Structure formats: structure tokens, C-alpha cells
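Report on the structure given below.
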Amino acid sequence: MDDPDFDVSRHLQKIKVRRPPDIIIEQISDLIARRIIKAGQKLPAERVLAERFDVSRGTVREALRRLEFFGIVRTSPQSGTVVENLSEHVLLGLINNILNADDTSPEMLIEVRGALEALSARLATERAHSGQIDEIRKAQQRMREQAEANAYTLEEDLLFHLKVAEATNNNLLRSLIALMGPDVLRFSHQHATYKDGRMHAAANEHDAIIDAIERRQPEEAERLMKQHIDKSYEHYRRTGDSGDRSEDDEAKSSKTVRTRRAKASTSTRKSG
């Protein structure tokens, strides 16, 4: 006899809707795990990938852009798309974090990110060559332009931090910071941490960090970076955003990000 108090709903689990770019990334991850794709290896052309996956080239392009943004592949007009020269477990860890971001608490994220980013700023100040500092400046300029236009700056913000990490010339530290990227973006989107003037303040804080790097003041760069991360967390705590954004807001944010990334990609190809 059925128990009327038995709650079937407690045993149901959320259904994750997988988007085509995620499925492409999963297949690439599987090929890396099986060592069919290796670090430093060139991927098939975009046209070939679209044919084999039976999807549009735009879908393939979105998947590759996500992989490139988080430092898993690099793309250039001359060499095409190449897997970064990272260890297999780092590549798989990066991809897994993109596809299956855990429910990391803000406190966990701020503790680890604050420590790693501060070290990154110090080492970049000590080791960066002029070309790498120029790349940091370019990333910051893109964020500044977006902030002045009152547009979402989340990816431009993260790119600045990734460029600082690259300038440490420490691939492991760079990989660890990149590994947090999906969690940082997810948290920032969920809690709208760019609101109430925070994006303008963050851009100013970036400028101060770059100035310390250029003046070769490692202690100052480290202090300013730690302060920058702490202020972002303080802003989140002060605004008390519950993260309950409407589906329309999420869709608009996603559309805005995709549009700007497409424009940036087009601009890069033209300049190249």
C-alpha cells in the first residue's frame, strides 16, 4: 500500500540542459583524456569541426572562444587553434571547471583568489617584460572603455587578471588563477557585482595596480591587488544582492557578453 506521506519530489534532481558549445567542449575534453589530443597540438579547422559536429560554425566558434578565454587553446590567423602547452591534468581541470562549476562559496573564492592574485601581482612586478606590461595595459583599456559605456565588464575584468598572471612567467600560477575563472564569472553574474558604481571603482583600482607594476614596486602591487579583491567582496556584502536575477536579466547579460565577444573576435581578426 502506498505511503501518502512519501514525498517523491525529494528524490528528483535538477536537469541540466546542455548547450551545443558545452557538448563540443566535453568531446574535446574526452579526447584530451584519451590522449588523442595532446598539449601543443593543432585542432582541425573551424569548418571541419562544424562538419564533424554537425553544427553551425558559429557554435564551434563560441566553444573555441570559451576555451581560448580560459587559456586552454590559443588561436591566431597563422597557426589556427592550438592546445596550450599545459599538462594534461591542468587542461582537464580547466575544462571540468568550465562545465561543472561547483557551488563554491564567496568566502572560499575570496580566500584563495586573494592569496593567488596578490602573489601574481608581486611576481609580475618583478618579472614582467615591457611587452607583457603592454598587454596588461591593453586589457585594462578594454575594461575602462566598457565601464565608461556602462556595459558589463566581467570578462574584461577577468582578462586583466589573466594578463597579470601571464606576466609572472609562472605557468602553474597562471593555470591556478585561470582555473578559478569560471567560478569568478559565475559568482559575478549571479550577484551582479558590477552594480552601483563598482565597475568604475574596479577600473581605477586596476590603474593603480598597473602603475605599481610599471614602477617595479612589488610590495605595493601586492598590497593593491589584495585590497582590490577585498573591496570587491566588501561591495558584494554591502549590497546584499541575493542573486535572484530574473531569467530575462540573465538572458540579456548572456546576449550582451556574446555580442561583445563576437565584436572583439572580429576586430582581432581584422587587426591581424
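The values are calculated or read from the model by the stated rules, or taken from the named source; none is laboratory data. On a predicted model such as this, the values are computed, not experimentally measured, just so you know. Neighbour counts are summed over all protein chains in view; Cβ atoms, including those assigned to glycine, are modelled from backbone coordinates with ideal geometry. For accessibility, only protein heavy atoms count, side chains too; no ligands or nucleic acids. Shrake-Rupley method; radii C 1.70, N 1.55, O 1.52, S 1.80 Å.
Data table
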item	result
Members of the stretch 152-162 found to be surrounded by fewer than 23 Cβ atoms within 10 Å (Cβ to Cβ) and of a type in the set (D, E, K, R), listed by number	E155
Identity of the residue in the stretch 215-231, open to solvent by less than 80 Å² (accessible area, probe 1.4 Å), part of a helix (DSSP H, G or I) and out of contact with any Lys or Arg (no Cβ under 9 Å at 6 or more places or on another chain), that ends up nearest to R198 (Cα to Cα)	H228
Subset of the stretch 184-198 that is modelled with pLDDT of 75 or more and crowded, with 20+ Cβ neighbours inside 10 Å - its residue that is nearest to L94 (Cα to Cα)	V184
Residue among A178, A201, A167 that alone is more than 26 Å from R74 (Cβ to Cβ) and either small (G, A, S) or buried (at least 17 other Cβ atoms within 10 Å of the Cβ) (or both)	A201
Matching residues in the stretch 192-214 - criterion: being assigned to a helix (DSSP H, G or I) and without any contact (Cβ under 8 Å) to a residue 12 or more places away in the chain	N204, D211
Whichever residue in the stretch 60-74 is open to solvent by less than 30 Å² (accessible area, probe 1.4 Å) and assigned to a helix (DSSP H, G or I) and, among such residues, is farthest from L94 (Cα to Cα)	V60
